[in-house]
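Comments concern the structure below.
Since every read-out is calculated from the coordinates, none of them should be taken as a lab result. Because the structure is a prediction, the values reported are computed rather than measured. All Cβ positions, glycine included, derive from the backbone under ideal geometry; neighbour counts span all protein chains shown.
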Amino acid sequence: MLKRLLAPLLTLLLLAGVGAAIYVSVTEQAGNTAVDSSSTLHEIKGVIGSEKEEFFRDPQTIAALAKINLKVTVEKSGSREIANIPNLAKQYDFAFPAGVSAAEKIKRDQNIKKSVQPFFTPMVIASWKPIAEILIANNIVKKRGDAYYIIDMTALFNLIINEKRWTDLKGSDAYPANKSILVATSNVAKSNSAAMYLALASYILNNNAIVQNEAQITPLMPKLTSLFARQGFMENSTEIPFQDYLTMGMGKSPLVMIYEAQFLREVEKTKNSAIRPDMVLLYPEPTLFTKHVFIPFNADAEKLADALMNDETLQQIAVQHGLRTANAGALAKTTSFVAPPELVNVIDAPSYEILEAMINQVSTAK
């Protein structure tokens, strides 16, 4: 009889114990979850050149930044436009433009001393194989090692300045367009890529010498202005002419000034890449590198600056997006596109003051 009375009681106690254990376990897990959620990521906001947008939106980047307790949101703009945003350091935690010129203006205006340069990319001309073959036939382009195309910028500018048309070229049957030979760019007053095109043109038209003073600018202005004025409307960001290149074909703009990283990033897309077999890059000779300059406005942004420079995972992700880093061999290991591992004939842009003076004069004259 006693056993029959105790059995239900023991069962109840056992169930109560299991229930209590479950409750404690669930409570502990909930507590752990609460601790995890309470250790919220430091949220910082930056304004960047459009060519780096996909890097920051990459889930790999987001995960790598979360490991160092950062959540980064970005807004994109033309790199030179970033430099003219009012109260920049009050609106954002960092700026990440393309180009030293825009970066120097930001640092000066915001009274910031510190900056880092984690990535760089060469300026290139996006084109098509039929166009490249026409230019090869006219000694403007050559193929180096059957791997990539080099374009003689002195010879190209000679055609542009003399207002030659595609139909003036030998072998132009592949592109029988009676339109001016021009390189399509973004807005020189707003975008770094166009400013780099201006810097390159000024070097070549100044007898292969960097423009150093106002006296050297004056005789160059009619030719420099024509490079942009004859294009018509120009977008404020490099991303838009690049998207036009991807979608509209060579009929609109057979030569488009872009960043190498834009093309390589599109090549490596696993889904829906818009790169077709007839699309090619022409590497200018001489050329310029665009340095991507990160400018932190506070301590959290300085933490991000350090990570972009030194975190191996972030550096590898950047290379996946076509950006070059201090590791010269990383690009060749990452991309299927055959790009020159190193470029030798690289020039520097003019000083900030001289480049600004040329940009202002070109913009005013157009």
Roughly how many whole Å is it from the C-alpha centroid of region 288-366 to that of region 66-97?
16 Å
Protection proxy ranking of 300-312, 90-102 - average other beta-carbon atoms within 10 Å, highest first:
90-102, 300-312
With Cβ to Cβ distances under 11 Å as the rule, what net charge do the other residues near S237 carry (K, R +1; D, E -1)?
-2
Over the chain: helical MRE at 222 nm, DSSP H runs n ≥ 4 each giving -39500 (n - 2.57), nearest 500:
-14000 deg cm²/dmol
Ranked from highest to lowest mean number of other Cβ atoms within 10 Å per residue, what is the order of the peptides 184-193, 131-140?
184-193, 131-140
Packing-based ranking, highest mean first, of 194-204, 317-327 given that Cβ atoms within 10 Å are counted
194-204, 317-327
If one builds a Gaussian network model of the chain from Cα atoms under 10 Å apart, the most fluctuating residue listed among E163, E268, E342 is E342
Two-site FRET efficiency, D173 against Q60, from Cβ-Cβ distance with R₀ of 51 Å, rounded to 0.05
0.65
Dipole magnitude of the chain about its Cα centre (Cβ charges: Lys, Arg +1; Asp, Glu -1), debye to nearest 20:
460 debye
Based on the alpha carbon coordinates of region 43-108, what radius of gyration and maximum Cα-Cα distance (Dmax) apply, in Å?
12.2, 34
In whole Å, largest first, what are the principal axis extents of the Cα atoms in region 251-366?
48, 44, 29
Label-point gap, in nm, between E75 and R276 - each point 7 angstrom along Cα→Cβ:
3.7 nm
FRET efficiency for K142 and S180, using Cβ-Cβ distance with R0 set to 25 Å, rounded to 0.05:
0.60
If you plug each phi of region 101-107 into the Karplus form 6.51 cos²θ - 1.76 cosθ + 1.60 with θ = phi - 60°, what whole-Hz ³J(HN,Hα) values come out, in order, with x for Gly and Pro?
4, 4, 5, 5, 5, 4, 4
